[in-house]
1. Test each condition in (1) farther than 29 Å from B:ILE258 by Cα; (2) out of contact with any strand residue (DSSP E or B) (no Cβ under 6 Å at 6 or more places or on another chain); (3) polar (S, T, N, Q) for B:SER219 and report the one that comes out false.
2. Can you confirm whether B:LEU198 is modelled with pLDDT under 90, crowded, with 19+ Cβ neighbours inside 10 Å and part of a strand (DSSP E or B)?
3. Name the one entry in A:LEU186, A:LEU199, A:LEU118, A:LEU194 that is under 30 Å from B:GLN160 (Cα atoms) and touching a Leu at 6+ places or on another chain (Cβ under 6 Å).
4. Please find, within segment A:27-53, the residue that is surrounded by the fewest Cβ atoms within 10 Å (Cβ to Cβ) out of those that are under 30 Å from B:GLN150 (Cβ atoms) and either at pLDDT 80 or above or among the charged types (D, E, K, R) (or both).
5. I'm checking my understanding of the structure. Among residues of segment B:36-84 that are within 14 Å of chain A (Cβ to nearest Cβ) and not hydrophobic (A, V, I, L, M, F, W, C), which one is farthest from the chain's Cα centre (by Cα)?
6. Answer yes or no as to whether B:VAL230 is modelled with pLDDT under 90 and assigned by TED's automatic domain parsing to the domain that holds B:ALA71.
7. If you take the residues of segment B:102-114 that are facing chain A (nearest Cβ under 9 Å) and not small (Gly, Ala, Ser), which of them is surrounded by the most Cβ atoms within 10 Å (Cβ to Cβ)?
8. Would you be able to say whether some residue in segment B:58-67 is of a type in the set (D, E, K, R) and modelled with pLDDT under 85?
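The values are calculated or read from the model by the stated rules, or taken from the named source; none is laboratory data. Bear in mind the structure is a predicted one, so any value in this text is a computation, not a measurement. So basically every Cβ, Gly included, is an ideal-geometry build from the backbone, and we count neighbours across all protein chains shown.
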Amino acid sequence: MASTDTAAKGAESDDLAGLEAGLDALDTVQSHRTPVSEVLLKKVLPPLVAVALVVAVWQFLVWAEVTDEGSLPAPSAVWDSVSDLWLQGTLLEVVWTSVSRGLLGFLLALAIGTPLGLLVARVKFVRAAIGPILSGLQSLPSVAWVPPAVIWLGLNNQMMYAVILLGAVPSIANGLVSGVDQVPPLFLRAGRTLGATGLKGTWHIVMPAALPGYVAGLKQGWAFSWRSLMAAEIIASSPDLGLGLGQLLENGRNNSDMPGVFLAILLILTVGIAIDLLLFSPLERAVLRGRGLLVKS
Amino acid sequence: MATLTKDQAEDRTTTTAGPAARIEHVSKSFTGPAGGQLVLDDISLDVAPGEFVTLLGASGCGKSTLLNLVAGLDRPSAGAITTQGRPALMFQEHALFPWLTAGKNIELALRLRGVAKAERRPEAERLLDLVRLSGAYGKRVHELSGGMRQRVALARALAQDSQLLLMDEPFAALDAITRDVLHDELTRIWRETRLSVLFVTHNVREAVRLAERVVLLSSRPGRIAREWTVGIEQPRRIEDAAVAELSIEITEELRGEIRRHGQH
């Protein structure tokens with residue numbers, strides 16, 4: 001390049017830079033996060049209203065005496081049994097017994113379901129061999145595993161974990177499989193041209209690209225863990241096992257303590273929702289938001 | 001590679017023996033339900049070091065197939081393709097990974113190439129600077145405009161430090177104004193880096209605007225129909241009279257090729 005056109009080239013280059021900066025400014029999408037007050041108004045208020053309505057209808061039915069108190073306890077009676085349990089100091093203990101079992105079981109399911117899902121998704125033979133069984137297992141109610149688990153392992157914590165694993169591993173593995181299946185082929189081609197093949201491709205391209213499907217699988221896996229655990233706790237209650245929410249429910253039935261039964265159901269529901277809201281929903285939103293996949297409403 | 005000094009760039013071209021890409025008697029057929037279909041028929045083409053070649057053709061000429069073969073994403077049915085190392089490839093879609101920021105997309109390319117961790121960040125910033133996106137390091141892909149995404153994709157392709165850049169209609173999805181600016185940008189970067197470029201397009205003006213050599217492919221099967229050497233001095237504008245003149249000549253030839261398909 002002759003030095004005589006350097007000056008001209010410089011000016012032309014500055015021109016282009018300015019033009020480009022202008023285009024970028026015009027085209028850039030402004031993304032912003034919704035303010036807290038709006039979140040409260042649009043996301044938190046509606047479910048609270050719904051809960052209040054349900055309680056109001058419930059109270060109304062009790063007042064109208066549609067059925068005897070043994071079948072439908074008043075909200076206040078259920079509240080009393082909550083505070084009784086709280087005052088005895090056992091409420092948190094009962095909840096923690098189940099939650100710790102559920103979470104530990106879930107983590108085990110995660111450790112088994114992830115490599116299993118990856119194998120099914122990436123190895124054709126494995127997919128043909130166990131893929132259909134794995135998705136079929138999802139439709140088998142995990143309560144069906146309780147009798148064999150009790151026979152094999154006896155009435156203990158291992159039995160509970162076995163039931164959780166049989167319920168949650170297929171969900172987690174299937175979530176990962178469908179996540180991998182939905183990876184756009186373009187990403188795989190782009191990865192290959194960058195040199196991401198084999199294990200490198202799996203680690204750098206396939207796994208992160210499959211993350212949304214995987215997280216959806218985790219969410220479902222948690223729901224299955226929790227359900228399986230409750231089935232196991234209700235059927236296999238034994239004094240050696242410690243009092244969990246399932247046993248609390250079963251005890252209520254044995255004592256014909258309807259407020260206690262309601263209390264146990266509400267606690268099981270609350271814990272399931274709380275773990276989802278505190279753990280999995282934020283995780284899912286963070287993954288989707290990072291990719292610009294959250295639809296602004 | 002991207003910001004090599006002129007001396008280094010020249011050193012590179014002199015040590016490179018032979019063309020940046022050599023395509024020798026390449027044919028490609030795909031087996032479909034209706035038997036084998038010949039997509040590319042006996043293509044021979046050399047891309048010299050530092051040369052900018054556009055492959056031009058109507059749909060069905062197999063130009064993207066040819067690019068995939070050169071990129072090593074697919075194998076030819078017959079013939080041979082030689083390149084100096086693994087070529088970089090840019091797609092019509094930006095193909096940036098949405099789970100990474102613009103900067104991390106480039107760093108992933110560097111990492112896969114084996115660049116040491118400490119050098120990745122400065123190198124990525126340098127490449128972003130080259131495509132004039134210095135401020136975009138921490139931006140997510142969805143926060144960038146279409147033109148910015150393609151520039152990050154270009155920076156990522158340059159991060160592969162390949163001597164051959166393959167481009168598969170990279171500007172086809174952009175609006176006309178942005179495309180025009182990116183033509184200027186690509187010409188500038190090509191002249192700075194002295195990369196060899198093989199650029200696929202169906203846009204005659206774009207082909208003439210960018211290339212030193214335009215190769216016209218016929219369709220079904222794809223064969224090399226004709227070649228033009230573009231003698232117009234860079235930097236060109238897509239509006240230049242000389243560009244228009246050659247574009248008309250090539251368009252006539254292209255239309256002739258297309259017409260043949262309606263005659264039987």
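1. (1)
2. Numbers: modelled with pLDDT under 90: no; crowded, with 19+ Cβ neighbours inside 10 Å: yes; part of a strand (DSSP E or B): yes.
No: the conditions fail for B:LEU198.
3. Values: A:LEU186 fails: touching a Leu at 6+ places or on another chain (Cβ under 6 Å); A:LEU199 fails: touching a Leu at 6+ places or on another chain (Cβ under 6 Å); A:LEU118 fails: touching a Leu at 6+ places or on another chain (Cβ under 6 Å).
On inspection, the qualifying residue turns out to be A:LEU194.
4. A:ARG33
5. Quick first cut of segment B:36-84, residues within 14 Å of chain A (Cβ to nearest Cβ) only: B:50, B:64-65, B:67-75, B:83.
If we keep only those that are not hydrophobic (A, V, I, L, M, F, W, C) as well, we get B:50, B:64-65, B:68, B:72, B:74-75, B:83.
Numbers: B:GLY50: 13, B:SER64: 10, B:THR65: 13, B:ASN68: 11, B:GLY72: 14, B:ASP74: 17, B:ARG75: 19, B:THR83: 14 Å.
So, considering only residues that are within 14 Å of chain A (Cβ to nearest Cβ) and not hydrophobic (A, V, I, L, M, F, W, C), the one farthest from the chain's Cα centre (by Cα) is B:ARG75.
6. On the way: modelled with pLDDT under 90: yes; assigned by TED's automatic domain parsing to the domain that holds B:ALA71: yes.
Against the criterion (modelled with pLDDT under 90 and assigned by TED's automatic domain parsing to the domain that holds B:ALA71), B:VAL230 qualifies.
7. By that ranking, first place goes to B:LEU108.
8. First, the residues of segment B:58-67 that are of a type in the set (D, E, K, R): B:63.
Still in the list and also modelled with pLDDT under 85: B:63.
Yes, segment B:58-67 contains a residue that is of a type in the set (D, E, K, R) and modelled with pLDDT under 85.
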